[in-house]
Amino acid sequence: MPEPGTPAPSPSPSASASARTPGPAPAAASTGRAPAPSAPLPTSPTTVLLCLVLVELSSGVTQGFLGPLLKGLTTTLHVTVADLNWISVANLLASVAFTPVLSRLGDLHGHRRVLRWNLALVLAGSVLVGVSRSFGLLLIGSVLQGAFAGFFPLLVGILRNRGSAGQNRRGISVMVAALVAGLAFGTVASGLIAQYVARPTAALWVPACAVALALAVTWPLLPESGERPGGRTDWLGALLLCAGLVALMLALGQGGSPGWAWTSPRTLGSLLGGLALTALWVRVELRTAEPVMDVRLFRRRNVVVVSAVTLTFSSCMLGLLVANPVFLGTAPAEAGYGLGLAPLTTAFALLPNMLALVAGALLAPALAGRITDRLTLVTGSLLMAAGNLATFAWHTALGPYLVFTAVVGLGSGLLQHATRTLAVEAVPRHQTSVGSGINELLINVGGSLGAAVVLSVFAAGTAAGHRLPAESAYTRAWLLCTAVSLAGAALALLYRRPNETPAPR
């Protein structure tokens, strides 16, 4: 103690600072949130890019390997083509259910941690597919493979938390290109194995090999994202969202098929039930502090615009996914239209579209830097409209057809990159994977809507007792996609630069 009459010593600056500095926030303990981790160890950008490419290649392979095997599997597994259609439906429904949950878990608990288990889950499903000798086991494996839908949002979360805006855009363009390349590779690899290997089920191991390689390389090399806020998972919201989306997608995917007439109780019940569950989910999420997918994001103008453009381009791109190959393989002598290509030639005829899509995705960052994001969205939509309109007008010769579908692919590539990038940039950083997950969901929803509409057009254009639709069904589908793409271009004009967009109220 100081002697009487002696002024007390003033506290040192460090002591004052210590006294003014609050201790650990008690709120963190009360909410159960984990403290943010220390900055991740430095990792070479080339290493990170290699990991991103490998994961997206494996995703593309997993999605593209089954097509060439369908005909052979009907004999091997003693099932019908209608039975095998449920493989695709189950895979789509699973991907819709996995996307919001995995995206949210990545934002809460670390993108790398969730991605590791995501890859392991897809690998488990791929191994089940590889050993399948029954339809039931193949179906279960395909459901687990549907978890590939979480790859892209989780990778974007890692990318955004480590790089600049320019690096993020280039990374997303490479990821889109790798995804499309994986689709092409998976299709070709499984087709060649099925043709030249005596055991017909050997090609079922193609996705397992690709995913195992991605998991082995990324587990030790891929860094964790720098932000991990922690928090609680909204399991009730996740359950309502997944149930609503699965019911809606089931109705859209199966509507019009045998036993699923659009006016049947089964289809209407699934559709109305899905809408009711989705409406209930919105109500619950608006009252939840930490929702699985924050619907308040749709108060942001750019989120709405990018989502609408995503729906338009995905409905056209995926809506014609089956129709165009069938047109290429239809013989004019049989139906009065078509190009009469053999299966292998048909596969090569689809390559210009896929290569142009890759080119569009890789060129998109530079183009956006020159003409703005808004005009990139408009350009992509107009290219898709022009390509589909030209295909409508000139589809009797292979050369023009390849050129026009390449134009569609170029526009689709621009939009694949632009919408995926802008969907992420329109949301706060701590919701990166959720923003990307919303975009991935909308691609699936748009594709299902487009496929349902095109199938309805084809059903109306197929005369009783005939196996193939009339040529007018194709021309109507191309015209419809032209109109939808033009609508997408008009919607894209509403996009604003982020600094022009008023903050949501």
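FYI, it's all coordinate maths here, none of it is from the lab. Please read all numbers here as calculations on a predicted model, not as lab measurements. Glycine gets a Cβ as well: all are built from the backbone with ideal geometry, and neighbour counts include every protein chain shown.
Quick notes
- Segment VAL131-ARG266, extension gain: residue separation times 0.36 nm, minus the distance between their alpha carbons: 45.3 nm
- From the coordinates shown, mean projected area of the Cα convex hull in nm² corresponds to which of (1) 29.5; (2) 25.3; (3) 45.4: (1)
- For the pair ALA120 and HIS466, a Förster radius of 51 Å applied to the C-beta separation gives a FRET efficiency near 0.60, rounded to the nearest 0.05.
- Using a simple spin-label model with pseudo-atoms 7 Å out from Cα toward Cβ, ALA366 and HIS78 lie 5.7 nm apart.
- Contour minus Cα-Cα distance for ARG497 and THR396 (0.36 nm per residue): 32.1 nm
- Normalised by 2.2 N^0.38 Å, where N counts its residues, the alpha-carbon radius of gyration of the range 121-190 equals 1.40.
- Virtual paramagnetic centre 7 Å along Cα→Cβ of TRP235, amide N under 16 Å, in the range 91-113: 101-102, 105
- Applying 1/(1 + (r/R0)^6) with r as the Cβ-Cβ distance of LEU221 and HIS109 and R0 = 25 angstrom yields a FRET efficiency of 0.80.
- The relative contact order of the chain comes to 20 percent, based on Cα pairs under 8 Å that sit 6 or more residues apart.
- Ordering 397-410, 429-442, 128-141, 170-183 by mean Cβ neighbour count within 10 Å, with the highest value first, yields 429-442, 170-183, 397-410, 128-141.
- Förster radius 30 Å - calculated FRET efficiency between LEU275 and LEU479 (Cβ-Cβ, nearest 0.05): 0.55
- The C-alpha atoms of the chain define a longest principal axis, and helix 398-425 lies at about 20 degrees to it.
- Debye log10 I(q)/I(0) at q = 0.15, 0.17, 0.20, 0.30 Å⁻¹ for the range 234-291, Cα point scatterers: -0.45, -0.54, -0.66, -1.07
- By the Cβ distance rule of under 4.7 Å, the chain has these cysteines without a partner: CYS51, CYS209, CYS242.
- Degrees, to the nearest 10: 111-131 long Cα axis against longest axis of the chain: 30
- Long-range Cα-Cα pairs in the range 40-224 (distance over 26 Å), rounded percent: 29
- Amide H contacts under 5 Å for ALA261, placed H, 5+ residues apart: GLY256
- Length gained when the stretch ARG301-LEU375 is fully extended (0.36 nm per residue, less Cα-Cα span): 25.0 nm
- Near LEU50: Cβ cut-off under 15 Å, other residues only, Lys/Arg at +1 and Asp/Glu at -1. The net charge is +2.
- Size of charge dipole - the chain - debye, nearest 20, with Cβ of Lys, Arg +1 and Asp, Glu -1, no other charges: 600
- In degrees, nearest ten, helix 235-254 long axis to first principal axis of the chain (Cα): 10
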